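Asker: Handing you this structure, nothing more for now.
The values are calculated or read from the model by the stated rules, or taken from the named source; none is laboratory data. Worth saying up front: this structure is predicted, and the values here are computed from it rather than measured. Using ideal geometry, Cβ is built from the backbone for each residue, glycine included, and neighbour counts are taken over all protein chains shown.
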Amino acid sequence: MSCPHFIAHSMALRTATHLAHLSTKSYAHHEALGHFYDDLLDLADKYAEIYMGLEGHITKFPDVDLPQGIPVDMLEDYLEVLKEETQEDHDSQALLNVLAELEELTARTIYKLKFLK
């Protein structure tokens, strides 16, 4: 996956989890998703800025579909996307560090959605 596509996908996931945050009837899920979409925005922005500092300015981001389904499934799919992106960015420790933070955020949110009601 290209960096512009990864960033666009991350922003689409942010929107999808924000909508799930607004529509859930579970306070625990509301809180977990709220923290996720807030933190995802900062980390995706950080990732994009580091990438552009190393590789040059991104002038166009692709259109991507909003992820669909239950939040846990969307986040588990995102873990796979993170693994793919990690394989592509293995030359930059700074980018790998942000991807590790994204993995941590995603895994912790999955835990909260699965086990905290």
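Asker: Against the definition (modelled with pLDDT of 95 or more and within 14 Å of the chain's Cα centre (by Cα)), how does Ala12 come out, yes or no?
Answerer: yes
Asker: Also, I was wondering about something else. Pick from region 89-117 the residues that are in contact with a helix residue (DSSP H, G or I) (Cβ under 8 Å, 6 or more places away or on another chain) and of a type in the set (Asp, Glu): which of them is modelled with the lowest pLDDT?
Answerer: It comes out as Asp89.
Asker: Residues of region 5-59 being β-branched (Val, Ile, Thr) and more than 14 Å from Val72 (Cα to Cα), which ones?
Answerer: Of everything in region 5-59, those that are β-branched (Val, Ile, Thr) and more than 14 Å from Val72 (Cα to Cα) turn out to be Ile7, Thr15, Ile50, Ile58, Thr59.
Asker: Just checking, which of Glu55, Glu49 is farther than 18 Å from Leu13 by Cβ and either within 14 Å of the chain's Cα centre (by Cα) or at pLDDT 95 or above (or both)?
Answerer: Glu49
Asker: Quick check on my filter: what residues within region 3-53 are among the aliphatic types (A, V, I, L, M), buried (at least 19 other Cβ atoms within 10 Å of the Cβ) and in contact with a Cys (Cβ under 9 Å, 6 or more places away or on another chain)?
Answerer: Residue satisfying the conditions is Ala48 alone.
Asker: Moving to a separate point now. Scan region 89-98 for residues that are in contact (Cβ under 8 Å) with a residue 24 or more places away in the chain and in a helix (DSSP H, G or I) and jot them down.
Answerer: Within region 89-98, Ala94, Leu95, Val98 meet the criteria.
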